[in-house]
Amino acid sequence: KAGVTQTPRYLIKTRGQQVTLSCSPISGHRSVSWYQQTPGQGLQFLFEYFSETQRNKGNFPGRFSGRQFSNSRSEMNVSTLELGDSALYLCASSSPSGGGETQYFGPGTRLLVL
Amino acid sequence: KNEVEQSPQNLTAQEGEFITINCSYSVGISALHWLQQHPGGGIVSLFMLSSGKKKHGRLIATINIQEKHSSLHITASHPRDSAVYICAVKKGAQKLVFGQGTRLTINP
């Protein structure tokens, strides 16, 4: 089975712009979670989607949003980018119910905001 | 105080040494995960534990639910084990909460 894929792998944006990141889970996995990793804050949970519904949300401002499609692929969007949004964004998929099972991480999208 | 605390933050050892990384948490959990992150960012899930002990090759993970503590052991350490090891806990169906990570360096 192919692993979790994320696109793009690297991205440079300027303050005020918006960005959309994509995650394709392992085939058959219905749960997708998104995480932000920065040197200062470490790994932080953004949100989790299961069967197109947001099941959990972390403590991030409303500029961070996401969605999941019927094929389980997920996107996250960050609007009005700030310098502090520079980070590695990771998604992970799990199966089948998503509750507590092993998470399989993608390679991440490294976002730099200038 | 963070909900998940790891120690040590940094660990340097010689090849062949027995390594222990500790994780303490302050909340009731449904599962605890140990993750490995190599330079470049890729994260691999090593173990998911809800009780007892698990072993995979040279890696052993234990958890004591009463004491809210878990340990990750590496036997016969090798330079390729150099990575950041991250402990994360899950409360019921809620989000994963991560420790700050332990940076392990194994010198040849």
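The values are calculated or read from the model by the stated rules, or taken from the named source; none is laboratory data. Being a predicted model, the structure only gives us computed values, none of them experimental. Neighbour counts are summed over all protein chains in view; Cβ atoms, including those assigned to glycine, are modelled from backbone coordinates with ideal geometry.
Remarks
- Sole residue being in contact with a helix residue (DSSP H, G or I) (Cβ under 9 Å, 6 or more places away or on another chain) and touching a residue at least 40 places away in the same chain (Cβ under 8 Å), chosen from A:Leu111, A:Leu83: A:Leu111
- Test: residue in the range B:3-26 that is within 28 Å of A:Thr5 (Cα to Cα) and among the aliphatic types (A, V, I, L, M): no
- Note on the range B:37-64: among residues that are away from every other protein chain (no Cβ under 14 Å) and either in contact with a Ser or Thr (Cβ under 8 Å, 6 or more places away or on another chain) or surrounded by 17 or more Cβ atoms within 10 Å (Cβ to Cβ) (or both), the one that is nearest to B:Gly16 (Cα to Cα) is B:Arg58.
- Filtering the range B:56-75 to residues that are part of a loop (DSSP other than H, G, I, E, B) and among the hydrophobic types (A, V, I, L, M, F, W, C) leaves only B:Ile65.
- The lone exception for A:Gln54 - which of (1) without any contact (Cβ under 8 Å) to a residue 40 or more places away in the chain; (2) touching a Leu at 6+ places or on another chain (Cβ under 9 Å); (3) within 13 Å of another protein chain (Cβ to nearest Cβ); (4) assigned to a strand (DSSP E or B) it fails: (2)
- Residue pairs meeting the criteria (Cβ under 7 Å; at least 6 apart or on separate chains; first under 13 Å from B:Ile29 (Cα atoms), in the range B:84-105; second basic (Lys, Arg)): B:Leu96/B:Lys90
- The test for being out of contact with any helix residue (DSSP H, G or I) (no Cβ under 9 Å at 6 or more places or on another chain) and modelled with pLDDT under 95 holds for A:Tyr49.
- Residues satisfying the stated conditions in the range B:31-73, i.e. among the polar types (S, T, N, Q) and either more than 16 Å from A:Glu101 (Cα to Cα) or within 12 Å of the chain's Cα centre (by Cα) (or both): B:Gln36, B:Gln37, B:Ser45, B:Thr62, B:Asn64, B:Gln66, B:Ser70, B:Ser71
- None of A:Leu43, A:Leu90 is under 13 Å from A:Leu21 (Cα atoms) and buried (at least 17 other Cβ atoms within 10 Å of the Cβ) except A:Leu90.
Results for (1) among the aromatic types (Phe, Trp, Tyr); (2) within 24 Å of A:Thr38 (Cα to Cα); (3) part of a loop (DSSP other than H, G, I, E, B), shown as yes or no for each residue.
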| residue | (1), (2), (3) |
| --- | --- |
| B:Thr12 | no, yes, no |
| B:Cys23 | no, yes, no |
| B:Leu32 | no, yes, no |
| B:Lys54 | no, no, no |
| B:Ser77 | no, no, yes |
| B:Cys87 | no, yes, no |
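- Identity of the residue in the range B:74-96, more than 13 Å from chain A (Cβ to nearest Cβ) and either small (Gly, Ala, Ser) or under 18 Å from B:Ile43 (Cα atoms) (or both), that ends up surrounded by the fewest Cβ atoms within 10 Å (Cβ to Cβ): B:Arg80
- Residue in the range A:1-19 that is hydroxyl-bearing (Ser, Thr, Tyr) and without any contact (Cβ under 8 Å) to a residue 60 or more places away in the chain present: no
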